[in-house]
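To start, the structure itself, in structure tokens.
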């Protein structure tokens, strides 16, 4: 956490909660409580996703914002200010990068490029065999989901429990681009849970996603 994280959180909370006082609020930088669970609509925000990259002066950090209604993301934005890249989506609409449609891509004749940490590829997690892939990494999890959405990478694997604010916005953007996004056991993601966590994330085009599920230990 930095002063910048807190400043962005205060700015967004002031703007959004004033405009929509009937919405709940879940943010990495705001103390959580049960009040948000009583709201049908909730803002889920990561003021700076990739704080370590921000501190280091790198470009791979983002601001992530999602609107959730009855557990489902209905509108989302992920902005990378250092790269001037704005990813957006709304339920039933296309995924956009700086206003232009984007689409998830399947690998063609080469191992897929997958955004994941090396720990997720331990053989004990993959009784059906560790998938062949080319591993990449980016500091912002929201951005990783957007990179799947734009087709520059073919998938995302995160097997450890994951905070909702890291993935809510990127989930809708990836789904709107044609990717399938679930937790590590294949369940569709729902948001504004009491614990504010999911059981990891798998995101890829449907065939690649199905292959991973067939190989994974579901526990």
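So residue 139 passes all but one of these: (1) surrounded by 14 or more Cβ atoms within 10 Å (Cβ to Cβ); (2) modelled with pLDDT of 95 or more; (3) touching a helix residue (DSSP H, G or I) at 6+ places or on another chain (Cβ under 6 Å). Which condition number does it fail?
Going through the list (1) surrounded by 14 or more Cβ atoms within 10 Å (Cβ to Cβ); (2) modelled with pLDDT of 95 or more; (3) touching a helix residue (DSSP H, G or I) at 6+ places or on another chain (Cβ under 6 Å), residue 139 breaks only (2).
Give me the residue from the range 1-37 that is assigned to a helix (DSSP H, G or I) and touching a helix residue (DSSP H, G or I) at 6+ places or on another chain (Cβ under 9 Å) and, out of that set, modelled with the lowest pLDDT.
That would be 5.
Given the criterion surrounded by 15 or more Cβ atoms within 10 Å (Cβ to Cβ) and outside the structural domain of residue 166 (by TED's automatic domain parsing), identify the matching residue among 60, 93, 71.
Only one candidate qualifies: 60.
One residue is enough: does the range 75-83 have a residue meeting the conditions in contact (Cβ under 8 Å) with a residue 24 or more places away in the chain, within 17 Å of residue 190 (Cβ to Cβ) and in a strand (DSSP E or B)?
Yes, there is a match, as at least one residue in the range 75-83 is in contact (Cβ under 8 Å) with a residue 24 or more places away in the chain, within 17 Å of residue 190 (Cβ to Cβ) and in a strand (DSSP E or B).
For the range 145-161, give me each residue that is touching a helix residue (DSSP H, G or I) at 6+ places or on another chain (Cβ under 7 Å) and under 27 Å from residue 127 (Cα atoms).
145, 148, 153, 154, 155, 156, 157, 158, 159 - these are the residues of the range 145-161 that are touching a helix residue (DSSP H, G or I) at 6+ places or on another chain (Cβ under 7 Å) and under 27 Å from residue 127 (Cα atoms).
For residue 83, are the conditions met, namely being over 30 Å from residue 205 (Cβ atoms), outside the structural domain of residue 210 (by TED's automatic domain parsing) and modelled with pLDDT of 95 or more?
Judged against the criteria, residue 83 is not a match.
Is at least one residue of the range 130-142 in a helix (DSSP H, G or I), assigned by TED's automatic domain parsing to the domain that holds residue 206 and within 23 Å of residue 75 (Cβ to Cβ)?
There is at least one residue in the range 130-142 that is in a helix (DSSP H, G or I), assigned by TED's automatic domain parsing to the domain that holds residue 206 and within 23 Å of residue 75 (Cβ to Cβ).
Which number in (1) free of Cβ contacts under 8 Å to residues at least 60 places away in the same chain; (2) crowded, with 20+ Cβ neighbours inside 10 Å; (3) over 22 Å from residue 194 (Cβ atoms) marks the one condition that residue 3 misses?
The one condition residue 3 does not meet is (2).
Looking for something part of a strand (DSSP E or B), under 22 Å from residue 112 (Cβ atoms) and touching a strand residue (DSSP E or B) at 6+ places or on another chain (Cβ under 8 Å) - is there at least one such residue anywhere in the range 172-181?
The answer is yes, given that some residue of the range 172-181 is part of a strand (DSSP E or B), under 22 Å from residue 112 (Cβ atoms) and touching a strand residue (DSSP E or B) at 6+ places or on another chain (Cβ under 8 Å).
Hey, can you tell me all the residues within the range 182-193 that are out of contact with any strand residue (DSSP E or B) (no Cβ under 8 Å at 6 or more places or on another chain) and free of Cβ contacts under 8 Å to residues at least 24 places away in the same chain?
Hit for the range 182-193 is 187, nothing else.
The values are calculated or read from the model by the stated rules, or taken from the named source; none is laboratory data. Fair warning: this is a prediction, and the values are worked out from it, not measured in the lab. Here Cβ is always computed from backbone atoms with ideal geometry, including for glycine, and neighbour counts include all displayed protein chains.
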